[in-house]
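Values in this text are rule-based calculations from the coordinates and carry no lab data. Remember, it's a predicted structure, so these values are computed and weren't measured experimentally. Backbone-built Cβ (ideal geometry, glycine too); neighbour counts: all protein chains shown.
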Amino acid sequence: MTWRLPNLIKIQTILYLSILVVHKTLSIHNLYIHRCCNHQQQLTITTANESDKEIDHSSSYNGAITTYIRNIRTMSNSTADEYLSRLNNFENFVAKEYDSRLTINDLIAKIKNAMLDPYDVINGYAAYLRNCNIATSTLKQRIVTVKNFLEYCDVNISPRKFKLKIKLPKVVRKKKEALSKEDIIEILNICDNIRLRTYVMLLAATGMRAVEALSIRMRSGF
């Protein structure tokens with residue numbers, strides 16, 4: 001087939017325009033991506049600044065808490081937020097039990113000057129938490145957070161004295177009960193897969209752990 005010159009010019013023109021359109025589209029796409037990245041960076045910076053403002057606002061006149069939380073935030077934001085919530089709770093306790101004008105910084109200064117016993121403060125906080133209807137594990141976590149915070153602020157807390165003087169409730173662990181014969185039969189009746197049924201029978205007959213049973217291979221001898 002013979003192409004005429006006008007047709008060739010038209011084809012070249014169409015190809016040239018197509019290349020321009022593609023180039024323009026890629027340029028717009030790259031510009032959009034660049035703007036999105038800048039916007040995301042601005043959001044990240046804004047969020048970090050808001051977090052710092054939140055720390056400063058929630059811990060007014062308590063530079064020790066602010067410094068401690070910023071130090072924790074370098075490792076984990078979620079952990080820092082949780083610690084901040086626990087220390088704010090401790091701050092509320094101090095305001096109620098001692099003096100509403102007493103800041104955490106003032107409390108630490110009094111402890112260092114031997115005007116307050118750190119074990120009495122922590123023990124009083126533990127008693128305060130018992131009346132808050134919280135789980136025993138949550139109570140212990142809050143006490144440990146306060147202990148670590150005070151140690152971070154150079155308050156000397158002896159592990160031996162802490163164990164002797166701080167009275168914490170014991171965590172009640174539920175007694176584990178083995179499956180009955182009826183429970184095993186019910187599980188086997190539900191299993192519609194022969195491999196799964198064999199696996200359950202092996203666990204029930206031998207008392208193996210799940211991982212141990214899964215590690216058995218055909219070459220394993222009995």
> Tell me, in nm to one decimal, what length is gained between T206 and C191 on full extension, where the rule is 0.36 nm per residue of separation less the Cα-Cα distance?
Replying inline: 3.5 nm
> Using the Karplus equation 6.51 cos²θ - 1.76 cosθ + 1.60 (θ = phi - 60°), what ³J(HN,Hα) coupling, rounded to whole Hz, does each residue of the range 71-88 give in order, writing x for Gly and Pro?
Replying inline: 5, 5, 5, 5, 9, 7, 5, 5, 5, 4, 5, 5, 5, 4, 5, 5, 6, 5
> Sorted from fewest to most neighbouring beta carbons within 10 Å, what does the list C132, C153 look like?
Replying inline: C132, C153
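When a/c reaches 1.5 or more, the comparison of a/b and b/c decides; with that in mind, is the range 61-165 rounded, prolate or oblate per its Cα gyration tensor? It would help to have the intermediate numbers written out before the result.
Values: a/c = 1.28, a/b = 1.09, b/c = 1.17.
Rounded.
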> Restricting to lysine pairs 8 or more places apart or on different chains, what number in the range 61-165 have Cα atoms under 22 Å apart?
Replying inline: 17
>> Is the C-alpha gyration tensor of the range 148-222 telling us rounded, prolate or oblate? Criteria: a/c under 1.5 is rounded; beyond that, a/b larger than b/c is prolate, otherwise oblate.
In response: prolate
